[in-house]
1. Looking only at the stretch 120-146, count every residue that is over 22 Å from the mean Cα position of the chain (by Cα) and either part of a helix (DSSP H, G or I) or closer than 16 Å to Ala38 by Cα (or both) and tell me the total.
2. Going by what's in this entry, would Ser344 be described as assigned by TED's automatic domain parsing to the domain that holds Leu404 and of a type in the set (Gly, Ala, Ser)?
3. Scan the stretch 125-156 for residues that are of a type in the set (A, V, I, L, M) and at pLDDT below 95 and jot them down.
4. On the given criteria, is Gln287 under 18 Å from Leu318 (Cβ atoms) and of a type outside the set (Val, Ile, Thr)?
5. Return yes or no: is Lys408 under 24 Å from the mean Cα position of the chain (by Cα), of a type outside the set (Ser, Thr, Tyr) and surrounded by fewer than 16 Cβ atoms within 10 Å (Cβ to Cβ)?
6. For the list (1) touching a strand residue (DSSP E or B) at 6+ places or on another chain (Cβ under 7 Å); (2) crowded, with 20+ Cβ neighbours inside 10 Å; (3) in contact (Cβ under 8 Å) with a residue 60 or more places away in the chain, I need the number of the one condition that Tyr74 fails.
7. Which one is modelled with the lowest pLDDT among residues in the stretch 157-180 that are assigned to a helix (DSSP H, G or I) and surrounded by fewer than 17 Cβ atoms within 10 Å (Cβ to Cβ)?
8. Specify the residue that is surrounded by the most Cβ atoms within 10 Å (Cβ to Cβ); the eligible residues are those in the stretch 87-114 that are in contact (Cβ under 8 Å) with a residue 12 or more places away in the chain and in a loop (DSSP other than H, G, I, E, B).
Amino acid sequence: MSSYKETLDWMFSKLPMYQRVGAAAYRPGLEAMKKLDAYLNHPHEKFKSIHIGGTNGKGSTSHMLASVLQEAGYKTGLYTSPHLLDYRERIKINGAMIPEGEVLDFIEKHKPYFVEHKLSFFEMTVGMAFSFFEKENVDFAIIEVGLGGRLDASNIIKPILSIITNIGLDHTQFLGTTRPEIATEKAGIIKEGVPVVIGEQHPETEAVFRNKALKMKAPIFFVKNNTFQFYESDLKGSYQKANLQTTVLAIQQLNAGEISEEVLKNGLSKVVKNTHLMGRWQTLSEQPKIIADVGHNKEGLEYIAAQLKNTTYDRLHLVMGFVKGRAIEELIALFPAEANFYISTPNLERGYAVKDLKEVINERENTTKFFDTITIAFESAKVVAMPKDLIFICGSTFVLAEILAHLKENKINL
């Protein structure tokens, strides 16, 4: 019998996930997932699910929604990706990660099937989540789309509500190069007769969603800006206002008079406590102030750059790394030119190599420095930063993952 670590190593090495290696691991389509679902005896049919897609904010919205449902007393499953420190972050019930033993048992039991059918990392993990939620008899399961929507492995479900947060120009090599094209892929989660909440009313995408909803006879609801101003969340990024409004509208569509205003407000104010979400404008230290965020594409980093303009500090130190496919010059240009940049490469095959970064980033003496690893870049920023400075970590989920792992492994208390 394998150990838990050996099981994870097998999953990662034999079935590489898209987030780490890119296009080589991307296998769109639902046939393999439908066969796996039938083999597992259709676990997703045994619980109510809510499906959440979109370019940015789907992770935060998923956690907000889960927190509110937990606060209302429902046993709530939560499936998200990627993880930061522990694979089990992807599969939670009421904020608690799936036990190691459950991961081990599921893989051991079904490994011959996975090998025979050459399933992807993502397909296995979705199957594991659905089986665990069925076994634990959850009341609701919040299911975050992995990539796109129409051909995503999670799209075998028939949810009671679909949510699409927004549309940005991300993963264009798979989903299309225009907002309407990407919206068409995301709209693939709209199901026959199932209400859908759209978090952003954008002139380029509204018709796409309305036409798909009409075709599917699905009631459609768009978030109107500033409709729910009086709600607050413990997630402090300014970009969370849109996610918060999307969550409130979603609760309104779900609500049969069972979730009170008090429960709604409590759930929104306890997202981190209830779900243990990390990496969203997360404060790691006060002196100097160290904030980390998983923002990685243009739309996400635009929100971060805008909030930084309203943040007080003496000097700004940006610890950044990227994956291939990003328009690096465009992303760097979002931030103040006078900031100190500490640039390196996330430790994964898709990481944008330092030697290539040097070719596209104008290296300014004293303000832009390149480092061999993300952790060295981070530690270098800490050495230089004064108590009233701000160190901000962003550019890739994997940048933050490395730094959090570094802090944990070395038992560093900031």
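The values are calculated or read from the model by the stated rules, or taken from the named source; none is laboratory data. Everything numeric here is computed off the predicted structure, so don't read it as measured data. In this analysis, Cβ positions are derived from the backbone assuming ideal geometry, glycine residues included, and neighbour counts consider all displayed protein chains.
1. Total meeting the criteria: 2.
2. Details: assigned by TED's automatic domain parsing to the domain that holds Leu404: yes; of a type in the set (Gly, Ala, Ser): yes.
Yes.
3. Looking only at the stretch 125-156, we keep the residues that are of a type in the set (A, V, I, L, M), and these are 126, 128-129, 138, 141-143, 145, 147, 151, 153, 156.
Once the filter is applied, which keeps residues that are of a type in the set (A, V, I, L, M) and at pLDDT below 95, the stretch 125-156 yields Leu147, Leu151, Ala153.
4. On the way: under 18 Å from Leu318 (Cβ atoms): no; of a type outside the set (Val, Ile, Thr): yes.
It is false that Gln287 is under 18 Å from Leu318 (Cβ atoms) and of a type outside the set (Val, Ile, Thr).
5. Working: under 24 Å from the mean Cα position of the chain (by Cα): yes; of a type outside the set (Ser, Thr, Tyr): yes; surrounded by fewer than 16 Cβ atoms within 10 Å (Cβ to Cβ): yes.
In short, yes.
6. Here Tyr74 clears every test but (2).
7. We begin by selecting, within the stretch 157-180, every residue assigned to a helix (DSSP H, G or I); these are 172-175, 179-180.
In the following step, the residues that additionally are surrounded by fewer than 17 Cβ atoms within 10 Å (Cβ to Cβ) were identified as 172-174, 180.
Working: Thr172: 50, Gln173: 53, Phe174: 55, Pro180: 88.
Checking each candidate, the answer is Thr172.
8. Ile98
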